[in-house]
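The values are calculated or read from the model by the stated rules, or taken from the named source; none is laboratory data. Remember, predicted model here, so these are calculated numbers, not experimental data. Note that each Cβ is placed from the backbone with ideal geometry, even for glycine, and that neighbours are counted across all protein chains shown. Side chains included, ligands, DNA and RNA excluded: accessible areas come from the protein's heavy atoms. Shrake-Rupley method; radii C 1.70, N 1.55, O 1.52, S 1.80 Å.
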Amino acid sequence: MAQADSEMKIRILLSAKKLFSKQGFDGTSVRQICEEAGANVALVSYYFGGKEKVFHAVFDYFFVGHRLHELEERLREPVSGLRLLIKEVVWFCINDMELAAIIQQEFASNSQRALHIKELTFPIWLKMKELLENGKRQGLFHYESLDHTLLFIVSTAFSLKKFAVFQPLCSEQEATAEQTAEYASKFVLRALGAEGFE
């Protein structure tokens with residue numbers, strides 16, 4: 001594919017991601033995506049085959065969960081693995097607020113597109129669940145309900161993307177994404193009673 005074609009595809013995907021996050025999938029037209037990208041409307045059909053396929057392409061291109069297999073070796077030990085996974089998820093939610101917002105919108109509306117998102121995100125949550133189970137079995141984590149603990153961690157990660165909304169309540173200077181990811185991982189590990197995080 002020529003570089004110009006590749007650049008135009010990426011511009012369309014960036015525009016779609018921005019508009020889907022602000023207006024939702026149903027509230028965004030192909031024309032709006034193309035206007036935002038500075039592209040001819042026919043290019044969406046040419047490159048992707050329609051708006052639904054643009055949506056899938058946005059996740060295929062931008063979602064970092066594809067890297068989970070690359071981290072497999074580092075995710076074997078429950079404490080360091082859970083810490084790494086929490087940091088990665090929080091970092092993603094803060095650094096790609098648009099994609100995180102789309103995920104939340106699609107899950108909230110329980111759309112057909114949510115099935116595609118589940119296929120991409122659930123391996124991450126299942127790995128987190130496995131780490132929690134292994135950590136409890138080894139006496140490293142202490143919690144009452146696996147399901148609730150997992151949901152609390154997921155909720156913590158996604159809520160941090162809205163940190164700016166609550167900034168007026170905060171007395172400290174705004175933290176970087178890396179600092180926030182570190183705070184979140186320590187908070188969770190302390191709550192689980194992991195050694196070295198009391």
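Before moving on, here are some points about what is shown:
- In degrees, nearest ten, helix 3-23 long axis to first principal axis of the chain (Cα): 60
- The stretch between Lys22 and Tyr61, if pulled fully straight at 0.36 nm per residue, gains 12.1 nm over its current Cα-Cα span.
- Value of [θ]222 nm, deg cm²/dmol, for the chain, DSSP H segments ≥ 4, -39500 (n - 2.57) each, nearest 500: -21500 deg cm²/dmol
- Protein heavy-atom accessible surface, 1.4 Å probe, per residue over region 1-126: 52 Å².
- Accessible area of the chain belonging to carbon and sulfur atoms, whole % at 1.4 Å probe: 54
- Estimated FRET transfer efficiency when R0 is 30 angstrom, pair Ser159-Arg31 (beta carbons, to 0.05): 0.30
- Additional length obtainable on full extension of the chain from Glu119 to Glu174, 0.36 nm per residue less Cα span: 16.4 nm
- Taking 7 Å steps out from each Cα toward its Cβ at Tyr143 and Ser109 produces label points 3.0 nm apart.
- Treating each Cα of the chain as an identical point scatterer and summing with the Debye formula, the log10 of I(q)/I(0) at q = 0.10, 0.17 Å⁻¹ comes to -0.50, -1.13.
- In degrees, nearest ten, helix 113-137 long axis to first principal axis of the chain (Cα): 10
- Among His148, His116, the sequence by solvent-accessible area, most first, with a 1.4 Å probe is His148, His116.
- The relative contact order of region 32-122 comes to 21 percent, based on Cα pairs under 8 Å that sit 6 or more residues apart.
- Value of relative contact order over the chain, rounded to a whole percent, pairs C-alpha under 8 Å and six or more apart: 23
- Diffusion coefficient, µm² s⁻¹, Stokes-Einstein with Kirkwood Rh over alpha-carbon pairs of region 124-188 at 20 °C and 1.002 mPa s: 160
- Lysines whose Cα lies under 30 Å from that of Lys18, excluding same-chain neighbours fewer than 8 positions away: Lys9, Lys51, Lys53, Lys87, Lys118, Lys127, Lys161, Lys162
- Principal-axis analysis of the Cα atoms of the chain puts helix 78-95 at an angle of about 30° to the longest axis.
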